[in-house]
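The values are calculated or read from the model by the stated rules, or taken from the named source; none is laboratory data. As the structure is a computational prediction, the values presented were derived from the model and not from experiment. Positions of Cβ are generated from backbone atoms using ideal geometry, with glycine treated the same way; all protein chains shown enter the neighbour counts.
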Amino acid sequence: MHITGGKFNSRKLLSPKGRNVRPTLSKTRAAIFDVLCQFMEFEGRNFLDMFAGSGIMGLEAISRGFSSCCAIEKDKKTLFNIKSNYELLGVKHDLILGDSIKKIGSIRKKFDVVYIDPPYREGLYNPALAALLENDLLNDGAVIIVEYPEDEKIDFSGFEVLKQKKYSDKVISYLKKAPA
């Protein structure tokens, strides 16, 4: 596993052990950030990785200029791996251990980008999107990125779809909060 762009470009990271984590492929990560830069400058922005897994998306965001990343991960060993990678790069970390849907209500910060890629087939997409709206965690102009299998049915009510891209058997949707 390695960073695909920015100040830590090509830096190798510790890969998580086990089958419960599937890091977003480097080619897909690069494409996600290429699309995202069409919507905003990264400098000084805050990134939330709701289901951190390997933690690679947050580290990629920091490498590309985001000022901060908050990462939520349910598995303690996986979170320890993420922490080790932040320390390996000498990056300040804001890591939260626990269930993303439950923990999100305790966050007192707003975000410019939220990345949602929970474990597939666990019914977490709609609750995650609802939690974002209920807890008022989005700055004006915030972009929500949702990575999901193409056959997953997600309710994007309350959001405007900015763009969708298909990569193999998954879809990446870029959303923003719909006007009130």
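Picking from residues in the stretch 34-72 that are within 11 Å of the chain's Cα centre (by Cα) and either over 24 Å from Ala131 (Cα atoms) or among the acidic types (Asp, Glu) (or both), the one that is surrounded by the fewest Cβ atoms within 10 Å (Cβ to Cβ) is Glu60.
Yes/no per residue for (1) closer than 14 Å to Thr24 by Cβ; (2) among the hydrophobic types (A, V, I, L, M, F, W, C); (3) in contact (Cβ under 8 Å) with a residue 24 or more places away in the chain:
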residue: Val114; (1), (2), (3): no, yes, yes
residue: Pro118; (1), (2), (3): yes, no, yes
residue: Leu138; (1), (2), (3): no, yes, yes
residue: Gly141; (1), (2), (3): no, no, yes
residue: Gly158; (1), (2), (3): no, no, yes
residue: Lys165; (1), (2), (3): yes, no, yes
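Of all the numbered requirements in (1) among the charged types (D, E, K, R); (2) touching a helix residue (DSSP H, G or I) at 6+ places or on another chain (Cβ under 9 Å); (3) modelled with pLDDT under 95, Lys163 misses one, and that requirement is (3).
For the stretch 69-93, the candidate set comprises residues that are acidic (Asp, Glu) and in contact with a Gly (Cβ under 9 Å, 6 or more places away or on another chain); within that set, the residue that is nearest to Pro127 (Cα to Cα) is Glu73. The set of residues in the stretch 80-99 that are under 19 Å from Ile116 (Cα atoms) and surrounded by fewer than 22 Cβ atoms within 10 Å (Cβ to Cβ) comprises His93, Asp94, Leu95, Ile96, Leu97, Gly98, Asp99. Residues satisfying the criterion are present in the stretch 69-89 (criterion: under 26 Å from Lys166 (Cα atoms) and either in contact with a Lys or Arg (Cβ under 6 Å, 6 or more places away or on another chain) or among the small types (Gly, Ala, Ser) (or both)).
Among the residues of the stretch 169-178, are any over 22 Å from Glu43 (Cα atoms), in contact with a strand residue (DSSP E or B) (Cβ under 6 Å, 6 or more places away or on another chain), among the hydrophobic types (A, V, I, L, M, F, W, C) and assigned to a loop (DSSP other than H, G, I, E, B)? Taking every residue of the stretch 169-178 in turn, at least one turns out to be over 22 Å from Glu43 (Cα atoms), in contact with a strand residue (DSSP E or B) (Cβ under 6 Å, 6 or more places away or on another chain), among the hydrophobic types (A, V, I, L, M, F, W, C) and assigned to a loop (DSSP other than H, G, I, E, B). Being over 23 Å from Lys103 (Cβ atoms) and touching a residue at least 24 places away in the same chain (Cβ under 8 Å) is a property that Arg64 has.
Identification of helices (runs of 4 or more DSSP H) wholly contained in the stretch 63-168 with 2 or more residues that are of a type in the set (Phe, Trp, Tyr) yields 76-89.
Among the residues of the stretch 39-61, those that are touching a Leu at 6+ places or on another chain (Cβ under 9 Å) and either hydroxyl-bearing (Ser, Thr, Tyr) or more than 19 Å from Ser100 (Cβ to Cβ) (or both) comprise Phe39, Phe42, Ser54. Asp136 - would you say it is surrounded by fewer than 17 Cβ atoms within 10 Å (Cβ to Cβ) and either under 14 Å from the mean Cα position of the chain (by Cα) or on the phi > 0 side of the Ramachandran plot (or both)? Taking the combined requirement at face value, the residue satisfies it.
Could you count how many residues in the stretch 149-176 are over 18 Å from Gln38 (Cβ atoms) and in contact with a Phe, Trp or Tyr (Cβ under 6 Å, 6 or more places away or on another chain)? So the answer is 2.
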